[in-house]
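First the structure, in the form of structure tokens, and then the observations on it.
The numbers here are math on the coordinates, done by the rules we state, and not lab data. Everything numeric here is computed off the predicted structure, so don't read it as measured data. Don't worry about glycine lacking a Cβ; one is built from the backbone with ideal geometry, like all the others, and counts go over all protein chains shown.
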Amino acid sequence: MMTPAKPLLSLVIPAFNEVDSAGDIAEFYRDIRRTYSDVDFELIIVDDGSNDGTRDAFHLALAGTGPARIITLSRNFGSHAGISAGFAHARGDAVLTLSADRQEPLDAIGDFITEWLDGADIVWGLRSVRAVKRGVGDSFARGFSRIYGTHSDVPNYPAEGPSQILVARPALDALNSMPELNRNVLAMAAWVGFDQRRVYFEQLPRPHGVSKWTTKRKMKLVVDSFVEF
């Protein structure tokens, strides 16, 4: 009697100048594979035009951790383009985005998996508690999420401001077929429909470095989002 194949979950991490994060991500990947052994995993690192040796650092750190690939973009396109590239190359029955900052707790991965295996097509990861006191950037993100969910044609967009997202294969194929070049992947996921659910987690402190989510990128995302929908 053949053993049923395990479901495959692709973990997608966009990385821009994250040479210092490679070791942390590699250890997190090991922990994920050990903890959730009923699921198979592949890790996709999307090097978003880094110039600090990110690709080489991840290549070394991920050796022996499990199935892993590194996709290199020709320049820095931004995290949503990086996520889109990861989605396009994912082989899994579902994909889950994670941050190179390593701010998602291990047990949150289990919450995503539980909802997915229960039939969810899209699972939003929302921060119930942030690791640092909210500043101007966080206020901008939350304000945008509230306004966008109210005034655009994407009623599923979380007003709290989404952090990560799991997308099962049917919804993933739909997203990959969409031709938009300037992409807000999260808005597209909210718009595309399917069975959408939410999980909440307490954000961990960033081990090192600072957010690369600049004001310029935020404003571009706002414009692209409203133009799309």
Expressed in nanometres to one decimal, the distance between label points 7 Å along Cα→Cβ at ASP20 and ASP118 is 3.8
R0 of 35 Å, Cβ-Cβ distance ASP56-ARG206: FRET efficiency to nearest 0.05: 0.95
Extension reserve of the ALA159-MET178 stretch, reckoned as 0.36 nm per residue once the Cα distance is removed: 4.5 nm
At R0 = 30 Å, FRET efficiency that the Cβ-Cβ distance of THR72 and ASP31 yields, to 0.05: 0.70
Residue order, fewest to most surrounding Cβ atoms within 10 angstrom, among TYR157, TYR200: TYR200, TYR157
Per-residue HN-Hα couplings for the range 86-98 [Karplus 6.51, -1.76, 1.60; θ = phi - 60°; Hz; x = Gly/Pro]: x, 4, 5, 9, 5, 9, x, 6, 7, 10, 9, 7, 9
